[in-house]
Amino acid sequence: METTNHPPRALKGAIVSITTYLVLSVVKVFFGYIYESEAVLADGFNNTTDIIASVAVYIGIRVAALPRDAEHKYGHAKMETISALVASLIMIAVGIFVFFSSLSNLIEGEYAEPNPLAAVVALVSAFILFGVYRFNLNLSRKTKSLALKAAAKDNLADALISVGATFGVLFAYFNMPWMDTVLAVIIAGMIIRTAIQIFLDATHQLSDGFPPHLVESYEETIERFERVKEVREIKGRHLGNHVMLDVTIAVNGELTVDEAHELCDEIERELDERHAVESVHIHIEPI
């Protein structure tokens, strides 16, 4: 079965993320310096890496939507995964920089008491990012875009990071200015953790890793067909936001070619309707 892309709708989520992070990063970095809040400043730097990640998602979705050509018989869908991999490496680099910079200030005792207004900036940012998270999560479900789903997870993590920055400023207001720096270190750690998770997910897909529990669910669906006597093998892999399956089934050797072809079509439709699997190659063997 032919795969189906959803570039116009999926791109909308990437554009919303880029715009939001662009505005929030400028606001947070500016007020982080003005109000002397390391937590808000670290949060702002985190959002600058999110701009890069969102741009990578945007480019990945655009390229993934390109038609097949002579050198890409399976299309360009893996560009989404590759762009996520590149973005994760950039996020790790920035996270490490913020982590060691804040840790150095903490060890040397070089921290200032932030202005309480910095907490307002961080809290408003948290609400905005949670809204973007809900938008991208719903859109990823409609378009079946794994890249947008990952972006939504990043949006939620950023919302929680902004909440942490809010508490950092409030702690400093209650005569614990060092807490602002401590939370800046924690925020940097969360940046690195999120980036590593994205990196692992991307490399897992690029190496054709596939969850065993999904294979089991596909097998259960195929076994419901009366004319399928045995499911001998199922191999799955991700191609961008699509699942591709190679299935080997055993049937009665007396089936005609037309009957076998009809059975394959029925299995493909069922896998598409139940599991959103749009590309299935079925090999039939006589039992």
(message) Going residue by residue through the stretch 151-161, is there one that turns out to be at pLDDT below 85, farther than 15 Å from Ile187 by Cβ and of a type in the set (S, T, N, Q)?
(response) no
(message) When you scan the stretch 98-113, do you find a residue that is touching a Gly at 6+ places or on another chain (Cβ under 7 Å) and either buried (at least 17 other Cβ atoms within 10 Å of the Cβ) or closer than 20 Å to Gln197 by Cα (or both), even just one?
(response) yes
(message) As an exercise: evaluate Leu148 against (1) touching a residue at least 24 places away in the same chain (Cβ under 8 Å); (2) buried (at least 18 other Cβ atoms within 10 Å of the Cβ); (3) not assigned by TED's automatic domain parsing to the domain that holds Ala77 and give the number of the one condition it does not meet.
(response) (3)
(request) Could you check, for the stretch 253-268, whether at least one of its residues is under 25 Å from Thr143 (Cα atoms), more than 23 Å from the chain's Cα centre (by Cα) and without any contact (Cβ under 8 Å) to a residue 24 or more places away in the chain? (result) yes
(request) Pairs only if they're at least six apart or on different chains, beta carbon under 6 angstrom, first in the stretch 128-144 and of a type in the set (Ser, Thr, Tyr), second crowded, with 22+ Cβ neighbours inside 10 Å; list them, first residue then second. (result) Tyr133/Ala152; Tyr133/Asn155; Ser140/Leu148; Ser140/Ala152; Thr143/Ala10
(message) For the stretch 182-196: of the residues being in contact with a Gly (Cβ under 8 Å, 6 or more places away or on another chain) and within 15 Å of Ser37 (Cβ to Cβ), which is modelled with the highest pLDDT?
(response) Ile186
(request) Would you check if Asn155 is assigned by TED's automatic domain parsing to the domain that holds Glu36, in a helix (DSSP H, G or I) and under 12 Å from the mean Cα position of the chain (by Cα)? (result) yes
(message) So the check is Cβ under 9 Å with 6+ separation or different chains; which pairs have a first residue in the stretch 205-219 that's assigned by TED's automatic domain parsing to the domain that holds Gly240 and in contact (Cβ under 8 Å) with a residue 40 or more places away in the chain and a second one that's of a type in the set (Lys, Arg) and assigned to a helix (DSSP H, G or I)?
(response) Ser217/Arg274; Tyr218/Arg274
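The values are calculated or read from the model by the stated rules, or taken from the named source; none is laboratory data. These figures come from a predicted structure and were not determined experimentally. Using ideal geometry, Cβ is built from the backbone for each residue, glycine included, and neighbour counts are taken over all protein chains shown.
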